[in-house]
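Notes to accompany the following structure.
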Amino acid sequence: MFRDEYNLDSLQLITPASHDFQMYVTPRYVGHYTNSPYERATSALFSRLCTAADTVIDIGAHYGFFSLLAAATRAPAKIIAVEPVPVSCEILRLNTDVSGNGLIEVRQAAASAHSGTASFVLSAASDSCSFYEHPNAAAIGRVDVETLSIDDLLSGRPAERLLIKMDTDGHELAVLQGVAETLARSKDVRLVIEFNPKMQRAAGHDPDELLEELWRLGFETFLIDDILPRYYRVQSGVDWARLFDVGSYANLYCVRRQRALNVVLFAHNDGLHGAERSLIELVDELVADYGACCTVVSPGPGPLVDCVQKVGGATIVDSRLQQWSVLGNGNDTSVLGQRIRDGVQAVCADLLPVMEAIDPDVIYTQTMTIPWGAMSAALLDKPHVWSICEFGKLDYDIHFDEPFDEVIAEIGSGGSFILTNSNVVRRTLFPTIDATRTQTIYRHISMPAHPILPATDAFQREGAFRIALLGTLIVGKGQVEALAAVRDLTQRHHNVELLLVGHRGSPDYWSSINALIDEFGLRDRVRLIDFIEYPYPVMLAADVILVCSRNEAFGRAAAEAMVLGKALVYARSGGPIEYIEDRVCGLSYAPGNIGELVEQLEKLIESPELRAQLGAQAQRHAAIHLSREAYGGAAFALLQRLRGDRNFRPKIPRQVLRALADM
């Protein structure tokens, strides 16, 4: 099994699963890294934490997987890989040359309480070498190694944002002793520590002693379940052994107690619509920028789940946690009673025990269409933020099994805090709520790090002026106005093409859109495309982005157009008018005024210079007013303030309470 463990001639170059860097390994580790993502949750969390670190220290680096993962982000100013075993360190140096991006400094040493020399056990398994004999792999010898305290390693360097990954097989208390001065002078320190109870005992101490020391040093500690994935709050004296196989190991994530935040967020859909994409961006910003632990509860295993996990969030999936509302007056609300009963059973039987182990500081619900966060918060006595992303009736024609106004009143009176994505939503739905219990936070639109290329096949009419409207095909999104504008532009002899992108709404509306296309004679000028999970290439291919919604709560498509630097024409109503400066970032028109809409589009058709000017100004405006700090930063400050707040206890909504009483 361990035949080639130290044989440099046996090295194989691999690409670890789900990553884009390469590394050399001995044969036993090929499947270790390639069969499935290695330590999936830990890796995703570590990768995101690297983006906010000035220095990353990988203690017990072995072949350097985590150092290479840090280098792949290209974010840390410095990465230091510490590895004492000579052959492993030689492979580590080789991997640094292959995939280190010039960022990794290698130190052949063992981190400990003091700098000096000490005897080190070589194990049959190269990843199990330690100061102590490993019960799972026989000792094959000893070697004298240099020992190094992290305080000495960082001596003379300025206090900075520090991320330490530690895999020292029982030597953690000594390593922490050697980092005491650094911890005292650096306020932003995050630790990822392998927690191996059998090696703690081999080192001569109880595993609880490590948890006690981390608490004494001012850290809140979370155990990472790499399989599910989950984050569980752990402390000494608590039955942490129920959370993982204590014959194996798990990683601990440790963050300064005064900065720690553990939040559970409820999603109403498992897709990648605007609300879900905003939720993913929030999780990403909370994790990467502020070191928060985030768990998203999803009603299905759709793409939302994978995206949340990739940005370092944990997930819980339960298909019984469905919406307590329907869209459109024609839909049958009689199904809602059963949905609520199913959801209540799911929360009580399965979700609450998991959430008790997670022990969140705050519970957060995305949109008005799900009550399960409110129910869980009330039963666990946790603060509950209800994030309202829609008008409800005005934009999506949402119906509950009780009058809409009564449900909104319950949301307003029962949530610890009401968060809205525009002031107009707050004024419309919650005009009487005290200002200390409500806030508006605009969304931040994050762009991928790699370049985005325009979609070459999105538009098909030769030489046409390209207009794109993105949004679910429902009355509130205003596709009818866009069709009327294209008809009039065509009659004025403009060569235009319109792309309507979005999920089909009701069958009746879909039919009416197609009937209008035929009535206006636009079949060769209008393309209907279903919802696109990644819309930016299509948006970049357009000459102008059109937003015709009469009651848009925030208007993600408008914000995306600004971030992309695209010319924008938008209806002068709803949330967009709060963050778009008319005639500077885009051109507005009065909803329903087709003549004005045509006039604004005509200006952009006739002036490429104006299109470029508006796009550039919009992009600069978005960088200031729709920034990462203005979204994730404001949300983090709010959630931190609510942590432990018992001034306003959340309430279970009436419909849910009735179902709970009937159980």
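Key figures for this structure:
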item: Å² per residue, accessible surface of region 146-254 at 1.4 Å; result: 37 Å²
item: Computed Kirkwood radius, in angstrom, where 1/r is averaged over Cα pairs of region 284-353; result: 13.9 Å
item: Mean Cβ neighbour count within 10 Å, used as a protection proxy, ranking 110-120, 583-593 highest first; result: 583-593, 110-120
item: Extension reserve of the His450-Leu228 stretch, reckoned as 0.36 nm per residue once the Cα distance is removed; result: 77.0 nm
item: Per residue solvent-accessible surface (Å²) - region 258-412, probe of 1.4 Å; result: 28 Å²
item: Proximal aspartates and glutamates to Lys382, defined as alpha-carbon separation beneath 14 angstrom and excluding residues fewer than eight positions away on the same chain; result: Glu356, Asp359, Asp361, Asp645
item: With all protein chains modelled, accessible area of Leu321 [1.4 Å, Å²]; result: 10 Å²
item: For region 62-144: Kirkwood Rh in Å [reciprocal of mean 1/r, alpha carbons]; result: 13.5 Å
item: Magnitude of the charge dipole, region 78-152, Cβ model with Lys/Arg +1 and Asp/Glu -1, debye to 20; result: 80 debye
item: Column: log10 I(q)/I(0), Debye, Cα scatterers of region 171-231, q = 0.22, 0.23 Å⁻¹; result: -1.00, -1.06
item: Residue-level accessible surface for Phe131, protein heavy atoms, 1.4 Å, Å²; result: 30 Å²
item: Of the trypsin sites (Lys or Arg not before Pro) in region 414-514, those whose Cβ has at most 15 other Cβ within 10 Å and which sit in DSSP loop; result: Arg461, Arg492
item: Spatially proximal aspartates and glutamates relative to Lys393 (Cα-Cα < 18 Å; intrachain offsets below 8 disregarded); result: Asp332, Asp401, Glu402, Asp405, Glu406, Glu410, Glu552
item: Filter on Lys310/Lys477; Lys165/Lys187; Lys310/Lys651; Lys78/Lys187; Lys165/Lys198 - keep pairs with C-alpha separation over 23 Å; result: Lys310/Lys477; Lys310/Lys651
item: Helix axis angle, 40-50 relative to the chain longest principal axis, alpha carbon, degrees; result: 80 degrees
item: Chain lengthening between Trp215 and Ser18 when straightened (0.36 nm per residue, less Cα-Cα); result: 67.5 nm
item: Inter-label distance, nm, simple model (7 Å from Cα along the C-beta direction), Arg74/Leu657; result: 5.5 nm
item: Rounded to the nearest 20 debye, dipole of the chain from Cβ charges on Lys, Arg, Asp, Glu; result: 1160 debye
item: Beta bridges per DSSP with both ends in the chain, % antiparallel, nearest 5; result: 30 percent
item: Calculated on alpha-carbon atoms, Rg and Dmax of the chain in Å; result: 27.8, 87
item: Label-point gap, in nm, between Asp582 and Ala612 - each point 7 angstrom along Cα→Cβ; result: 2.7 nm
item: Residue-span extension gain [Gln491 to Gln460] - 0.36 nm each, minus C-alpha spacing; result: 9.2 nm
item: Apportionment of accessible area to carbon and sulfur, the chain, percent (1.4 Å); result: 49 percent
item: Approximate spin-label separation Arg242-Asp434, in nm, with each point projected 7 Å along Cα-to-Cβ; result: 3.7 nm
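The values are calculated or read from the model by the stated rules, or taken from the named source; none is laboratory data. All values derive from a computational prediction rather than experimental measurement. Neighbour counts are summed over all protein chains in view; Cβ atoms, including those assigned to glycine, are modelled from backbone coordinates with ideal geometry. To get the accessible areas, we keep the full protein, side chains included, count just its heavy atoms, and leave off ligands, DNA and RNA. Shrake-Rupley method; radii C 1.70, N 1.55, O 1.52, S 1.80 Å.
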